[in-house]
Every structure is written in C-alpha cells, then in structure tokens.
Amino acid sequence: MDFKVWTDYLKAAQLVTDCGYYGTVEPADLAGTELYALAENDEDLVACIMVIRSGAQAYVDYLVVRQDCRGQGLALLLTDCVAHVLYKQKVRLVHSCVSGENGASAKMLMKYGAKIGWPYINGLVRLEDSNGNAED
Ligand SMILES: CC(C)(COP(=O)(O)OP(=O)(O)OC[C@H]1O[C@@H](n2cnc3c(N)ncnc32)[C@H](O)[C@@H]1OP(=O)(O)O)[C@@H](O)C(=O)NCCC(=O)NCCS
C-alpha cells in the first residue's frame, strides 16, 4: 500500500461518490484541489483525502476508504501521512467539518485533538434563497 499524491480525478470522484456520504461528486468538483491517496499497484485507489490550502491553514474533506478496506486503520494512516506533508510545508491549522452523526469521523477528529470553539470561531453558514428555502 503506497501513500501518494493522486492526480486521477476520475477515479477519486468515483470513490467519493460510491461511499454515499457526499452525494455525487464529479471530477470537475475536485479541480484545483490537492488529492492524496493510499493505492495498491500504483493505480488501485483504496483511500483518498482532499486538501485545499490557504497559506498556513488548510481545509480537508472527502476522506474516504473503500468499503472493503475499512476497519484496518487506513483512514488514520492516510490522515497521518497527510498531516506530515502539511506540517513539513508549514501548515499549522487544519479545518475539517463532519456531521455530528458520523461516529467514525468524529472519533478520528478527536484522536487528533480537534478543538471545538475557543480560541477560534468555526462559522458555518447555511445559504438559503430569499424565501428561506435551501435545497440539498
Ligand atoms: C470514516 C472512514 C474514512 C473510516 O475509515 P477506516 O479506514 O475504516 O477507519 P480506521 O480503520 O482508520 O479507523 C479510525 C478510527 O475510527 C473508528 N471507526 C471506524 N469506523 C467507525 C464507525 N463506523 N463507527 C465508529 N467508529 C469507527 C475506528 O474504530 C478507529 O478508531 P480506533 O483506532 O480507536 O478503533 C470510512 O468509514 C469511510 O470512508 N466512510 C465514508 C465516508 C466518510 O464518512 N468520510 C468522512 C467524512 S468527514
């Protein structure tokens, strides 16, 4: 299993879509982002994560492990590898947003010592139309 920068947006979009958590994700949705992966034989995508940078901060999302490979510590492994890359590149603050119902992700965030609230304000804004409607 190799950790690598992943450039095949088609396969990544397929893996993310197949997991069912994020809805349909098109390759174009990933354009301009950095993808990292765990892969077998150089091309079999097993897990991926997306990073968007903003100076010394980064936002991570689309953490997905292929269904048949879950429960083996791969999400933690991939997250650790990416954390090392980002730290070496001077990123010091990582943002992530998970649904409170997602036990697996919440547990991972807590393992990383994720802080809720102070000293930062994590602002979530739901966008609606002028009638107060929001389509998902
Ligand atoms: C979340 C996800 C990435 C975890 O991948 P994984 O490789 O199975 O996770 P790991 O084996 O590295 O486990 C990481 C920790 O989460 C825990 N965990 C994994 N799946 C879990 C679940 N369904 N419920 C509760 N905890 C879970 C593990 O027990 C482990 O903690 P531990 O070491 O204390 O046991 C995977 O389930 C997935 O791809 N889910 C669909 C997409 C998703 O929800 N992405 C994250 C959104 S932010």
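A few notes on this one:
- Cα-based Kirkwood hydrodynamic radius, the stretch 5-108, one decimal, Å: 14.0
- Among the lysines of the chain, pairs at least eight places apart or on separate chains and with Cα atoms under 20 Å apart come to 4.
- The phi torsions of the stretch 21-30, fed into the Karplus equation with coefficients 6.51, -1.76 and 1.60 and a -60° offset, translate into couplings of 7, 9, x, 7, 10, 8, x, 5, 5, 9 Hz, rounded to whole numbers, with Gly and Pro shown as x.
- Residue among E101, E34, E26 with the largest mean-square fluctuation in a Gaussian network model of the chain, springs linking Cα atoms under 10 Å: E101
- Considering only V125, V25, V16, the Gaussian network model of the chain with Cα springs below 10 Å gives its largest mean-square fluctuation to V125.
- Restricted to Cα atoms, the stretch 68-136 shows a radius of gyration and a Dmax of 15.9, 47 angstrom.
- Net charge dipole, the chain: roughly 900 debye, given to the nearest 20, about the Cα centre with Cβ charges of +1 for Lys and Arg and -1 for Asp and Glu.
- Listed by number, the DSSP H helices of the chain that run 24 Å or longer by alpha-carbon position along their axis and have mean Kyte hydropathy of at least -1.0 come to an empty list.
Read-outs throughout are calculated quantities, based only on the coordinates presented, and are distinct from any laboratory measurement. Since this is a predicted model, take the numbers as computed values, not measurements. Cβ atoms come from the backbone with ideal geometry, glycine included; neighbour counts cover every protein chain shown.
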